[in-house]
Structures are given as structure tokens and as C-alpha cells.
Amino acid sequence: TIGAIGEFAFYGCSKLAKLHIPKSVTSISIYTNNYYSIESCFKGCNSLKEISVEEGNPVFDSRDNCNAIINTARNSIILCHASSVTIPKSVKSIGAGAFTNNSILQKLTIPSSVTYIGSDAFYGCYGLSELIIEDSPNVLEISGCAVQKYSALGMFGGSPIKKLYIGRPMTHDWRGGFSTDYPGFLFSSQLRHIEIGPFVYDLGPSSDKFFQEGSNILQIDCFNSTPPSGFSCSGVYSSAILRVPKGSIKAYKSHRIWRQFTTIEDVLEPDNTQPLMAFDKFEYNNED
């Protein structure tokens with residue numbers, strides 16, 4: 001008979017291992033943002049391994065045994081606090097705060113079907129060390145951080161991601177707090193290895209905020225033979241090795257940003273999966 005789950009409902013339930021949402025529940029308060037902190041209703045549930053939704057629920061589902069709660073109408077993940085999750089290919093977006101405070105998630109793949117990620121979706125994922133954003137020529141829109149009174153918290157704030165694969169161009173909607181705040185960085189300074197896929201031609205006009213500081217980055221593999229625009233990361237150019245596709249080293253060494261790398265090696269195999277630029281054939285006459 002339960003119809004709603006409120007804020008902090010399972011806060012600190014450290015021994016909770018399994019949760020089944022009945023079809024009667026049509027409202028879930030995923031997280032709260034009180035200007036001082038962002039906290040999930042499952043914060044502290046560090047033993048949670050399984051989440052499911054009863055078949056026939058008119059609002060939510062947990063299709064493909066994904067261990068997440070999905071808004072059926074929007075095809076959007078609204079909550080995942082399990083230790084393992086496989087995002088279904090039918091999911092189109094990841095909602096605001098969906099993975100907030102999920103400190104037991106270690107690895108995640110975001111499929112090419114996802115076109116939008118809401119604010120603070122991965123804030124507090126303190127165990128997330130590897131992130132894969134699948135290949136796609138379509139832009140992934142990220143709504144970086146919600147407005148905070150004393151801090152601007154990044155999309156992956158507190159996530160110790162060490163290995164990152166970016167397989168698609170991204171655009172970022174920066175929103176900070178007061179004028180004295182600095183917009184939250186997308187990725188932390190714990191990054192060691194970055195891979196940039198063949199479809200990535202642009203990291204967006206705000207990509208100087210993607211990477212906080214790169215002195216710990218050891219290697220960047222860029223699989224696009226044409227240097228992507230928009231890359232910027234302080235402290236990385238002398239410390240990391242930049243590896244590019246064979247035959248493209250001249251293009252990178254003449255690019256105003258990529259040429260700043262002290263060490264550039266063309267050792268990667270060129271990727272031929274990129275779509276070729278196509279033009280429609282048309283005819284005209286002097287009256288057109």
C-alpha cells in the first residue's frame with residue numbers, strides 16, 4: 001500500500017542489501033539539495049547490491065535487471081545506488097542526482113543512447129575509478145553542477161576516476177554558485193589515463209574546466225587523426241605522453257593546443273569508423 005518514498009528514507013541503512021519497489025510506489029524523492037550539501041535518500045547504503053521494480057508499476061521500471069530505477073515514460077535513470085549497474089541501451093538520459101552518494105560503484109559505461117546527464121548525477125561516487133563514455137558522433141549534453149551557496153559541486157565531484165574514455169563530443173552547461181565560486185570541474189586531478197575516441201572532434205567551449213589539473217596524468221591516447229578542438233588542462237603538457245594515430249603527428253604538432261605536449265608519439269592504429277563528410281547533390285540555374 002506504500003505510495004511514496006521520501007527524502008532520507010533509507011539514509012544510513014548500512015546493512016541493506018536488497019530493495020524491491022512495489023507497483024504501488026509512484027513517487028520517490030531521489031535526493032535533497034539544501035545549499036550546503038547534496039545527499040541521496042540512500043546515502044550510506046554501502047551493502048546494497050540489488051534494486052528492482054515490480055512489473056506493472058505505472059511510473060518506474062528496472063528493465064534488463066539493470067539494478068537501477070528508471071522513469072519509464074522518459075527512459076531516464078533516476079536512481080542507482082547498487083554496486084554494479086549496466087545501463088540499458090534504451091535509456092536516453094541520466095537524471096539529476098541519479099548516482100549521488102553511490103560510494104560502492106567502481107566502474108561504469110555510459111551507452112551511446114544517452115544524450116543528456118542531469119546536474120550532480122555522479123556527485124559523491126567515491127569508489128568510481130573507471131568511466132567509459134561509448135563511441136557516438138552525437139553530442140552528449142552535460143548539465144554540470146547545481147547552484148550551491150558555498151561551493152559549486154562538479155558532475156563527478158569527489159569521484160576518484162583514474163581511467164577515462166571519452167567516445168563522443170560533449171557540451172557542458174556550467175552553473176556555479178556566487179560570483180566568488182569557481183565552476184565545479186568535471187573530472188578530478190586523480191586522472192592517470194585519458195582516451196579520446198575517433199568521433200570526438202570537439203570537447204566544447206568550456207573544456208578548460210573539464211580537467212581540474214593534469215600533473216598526475218601519465219598518458220593521453222587520442223584516436224582521431226584530426227586534432228579535436230577545445231582540449232585544455234593545466235600541468236599536463238610536460239608530464240604526460242600524447243599518443244596519436246600513425247601519420248597524424250604533423251597535424252598535432254602544428255595545432256595551437258596539442259603542440260604544447262613535450263612528448264608526442266604516433267603509434268596508434270588509425271580508426272576508420274568515422275563517418276565521411278557527405279554533401280547532397282543539387283542543381284541550379286541562373287534564376288536561383
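If the requirement is being open to solvent by 10 Å² or more (accessible area, probe 1.4 Å), at pLDDT 65 or above and in contact with a Phe, Trp or Tyr (Cβ under 6 Å, 6 or more places away or on another chain), which of these qualifies: 134, 141?
After applying the criteria, what remains is 141.
Show the residue pairs that are 6+ apart or on different chains and have beta-carbon atoms under 6 Å apart, the first residue being within segment 226-238 and more than 20 Å from residue 201 (Cβ to Cβ), the second being open to solvent by 40 Å² or more (accessible area, probe 1.4 Å) and polar (S, T, N, Q).
235/215; 237/260; 238/262
Within segment 35-87, which residues are open to solvent by less than 10 Å² (accessible area, probe 1.4 Å), touching a Lys or Arg at 6+ places or on another chain (Cβ under 8 Å) and not hydrophobic (A, V, I, L, M, F, W, C)?
Of everything in segment 35-87, just one residue is open to solvent by less than 10 Å² (accessible area, probe 1.4 Å), touching a Lys or Arg at 6+ places or on another chain (Cβ under 8 Å) and not hydrophobic (A, V, I, L, M, F, W, C), namely 76.
With respect to the numbered conditions (1) of a type outside the set (Ser, Thr, Tyr); (2) under 18 Å from residue 169 (Cα atoms); (3) not in a strand (DSSP E or B), which one is the sole condition not fulfilled by residue 132?
(3)
Failed condition for residue 148, given (1) within 14 Å of the chain's Cα centre (by Cα); (2) modelled with pLDDT under 60, with all others met?
So residue 148 meets the others, but not (1).
Conditions first: (1) within 12 Å of the chain's Cα centre (by Cα); (2) modelled with pLDDT under 90; (3) surrounded by fewer than 20 Cβ atoms within 10 Å (Cβ to Cβ); (4) in a loop (DSSP other than H, G, I, E, B). Residue 112 passes all but one, so which condition is the exception?
Looking at each condition in turn, residue 112 falls short on (2).
The values are calculated or read from the model by the stated rules, or taken from the named source; none is laboratory data. Since this is a predicted model, take the numbers as computed values, not measurements. Cβ sites come from the backbone with ideal geometry, for glycine too, and all protein chains shown count toward neighbours. When the accessible area is computed, the model is the full protein with side chains, heavy atoms only, and any ligands, DNA or RNA have been set aside. Shrake-Rupley method; radii C 1.70, N 1.55, O 1.52, S 1.80 Å.
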